[in-house]
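What follows is a single structure, written as structure tokens, with notes after it.
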Amino acid sequence: MIEVRNLTKHFGSNPVLKDVSFRIEKGESVVIIGRSGCGKSVLLKHLIGLLQPDAGRVLIESEDIVGMGERELLRVRRKFGMLFQSAALFDSMTVAENVGFAFRRERALPSREIRQRVAEVLEMVDLPGIENKKPSELSGGMRKRVGLARAIIYRPAIVLYDEPTTGLDPIVSDSIDQLILRVRDRLSVTTVVVTHDMRSTRRLGQRILMLHNRQIYAAGTADEIFHSSDPIVRRFIEGVSDPKELYF
Ligand SMILES: Nc1ncnc2c1ncn2[C@@H]1O[C@H](COP(=O)(O)OP(=O)(O)OP(=O)(O)O)[C@@H](O)[C@H]1O
Ligand SMILES: [Mg+2]
């Protein structure tokens, strides 16, 4: 479904990713972990062509999207739903407008059908009937759910989640994780989650990729990663700092 080959990216004098390669199969749920600032969001943005690499290839269903024009990219992006790190809702719009607006702009559907589709996805994220609320009236967890409803309204084949549980309490985090699994199973989507929440990683990751020092430092099943004896992997999983290093 997704294949990244030898992807390299830098911003000015800041090298972020170097020679990163991996594959994600159809229907898999893969969690990408790694320290803050290691390039997880940058990597996700390459998968939908929001960023272009310095070198390397990004294949989506065997199609190389590197160097594609905007028109073609739009076509490929329709395969994706993305839940951004900040949920990114428009405060001036109602929930229904937030969830439906891109969809409405792109598909010439009667408004009754769009209303129905919006109601359907709000139902799927356990927020039925909140169409007329404003984002400012919602809790953090509810905003994430609305962001997710918007991500799946196109019935995408792949959903990308950037830090879906960051900033939420453990109970709400668990409920969001359950929702991600529900969406995966009901819509049979390929799921890619970026997080540094180890509990989410455990719950969601059939396979885990750990980014470190600009590369995929470790890759394996959840069991393999959680039982790894590598000191860098262990320190990350257990959240222990190295006394010889400085952290900012
Ligand atoms: N558009 C950009 N222009 C310049 N530098 C950028 C840009 N986007 C990201 N970076 C840099 O790339 C590096 C990786 O950033 P990224 O946002 O991918 O980190 P992250 O792993 O998602 O971190 P976090 O866990 O805090 O979200 C950082 O050093 C960041 O400053
Ligand atoms: Mg990030």
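The values are calculated or read from the model by the stated rules, or taken from the named source; none is laboratory data. Nothing here was measured: the structure is a model prediction, and the numbers come from that model. As a convention, Cβ positions derive from the backbone with ideal geometry for all residues, glycine included, and neighbour counts pool all protein chains shown.
Please go through segment 40-80 and give me each residue that is touching a residue at least 12 places away in the same chain (Cβ under 8 Å) and assigned to a helix (DSSP H, G or I), ordered by number. Within segment 40-80, K40, S41, V42, L43, L44, H46, L47, L73, V76, R77 qualify.
Checking each residue in segment 10-34 for being surrounded by 16 or more Cβ atoms within 10 Å (Cβ to Cβ) and within 8 Å of ligand 1 (Cβ to nearest atom) picks out V16, G34. Which of (1) surrounded by fewer than 17 Cβ atoms within 10 Å (Cβ to Cβ); (2) touching a helix residue (DSSP H, G or I) at 6+ places or on another chain (Cβ under 7 Å); (3) of a type in the set (D, E, K, R) does K144 not meet, given it meets every other one? Going through the list (1) surrounded by fewer than 17 Cβ atoms within 10 Å (Cβ to Cβ); (2) touching a helix residue (DSSP H, G or I) at 6+ places or on another chain (Cβ under 7 Å); (3) of a type in the set (D, E, K, R), K144 breaks only (1).
The condition of being out of contact with any strand residue (DSSP E or B) (no Cβ under 6 Å at 6 or more places or on another chain) and surrounded by 22 or more Cβ atoms within 10 Å (Cβ to Cβ) holds for only one of V121, V189, that being V121. Evaluated against (1) in the same structural domain as K133 (by TED's automatic domain parsing); (2) at pLDDT 95 or above, M210 falls short on exactly one condition, (1). If you take the residues of segment 10-41 that are of a type outside the set (S, T, N, Q) and farther than 21 Å from T201 by Cα, which of them is farthest from ligand 2 (Cβ to nearest atom)? This residue is D19.
Every condition in (1) surrounded by 13 or more Cβ atoms within 10 Å (Cβ to Cβ); (2) at pLDDT below 90 is met by L59 except one, and the failing one is (2).
Of all the listed residues (R155, R235, R199, R182), the sole one being touching a residue at least 12 places away in the same chain (Cβ under 8 Å), basic (K, R) and closer than 26 Å to G39 by Cβ is R199. Within the set F101, F84, the sole residue that is in contact with a strand residue (DSSP E or B) (Cβ under 8 Å, 6 or more places away or on another chain), among the hydrophobic types (A, V, I, L, M, F, W, C) and farther than 17 Å from R5 by Cα turns out to be F84. In this structure, L181 qualifies as assigned by TED's automatic domain parsing to the domain that holds V42 and under 28 Å from G49 (Cβ atoms). For the residues L7, L51, L44, the requirement of being within 16 Å of ligand 2 (Cβ to nearest atom), of a type outside the set (G, A, S), closer than 18 Å to N213 by Cα and surrounded by 15 or more Cβ atoms within 10 Å (Cβ to Cβ) singles out L44. What is the residue count in segment 40-94 for residues that are under 20 Å from I180 (Cβ atoms) and within 16 Å of ligand 1 (Cβ to nearest atom)? Residues meeting the conditions: 14. Part of a loop (DSSP other than H, G, I, E, B) and surrounded by fewer than 16 Cβ atoms within 10 Å (Cβ to Cβ), is that true of S228? Spelling it out, it is not the case that S228 is part of a loop (DSSP other than H, G, I, E, B) and surrounded by fewer than 16 Cβ atoms within 10 Å (Cβ to Cβ). Flag not set for V20, criterion: under 16 Å from the mean Cα position of the chain (by Cα) and either in a strand (DSSP E or B) or not assigned by TED's automatic domain parsing to the domain that holds Y217 (or both).
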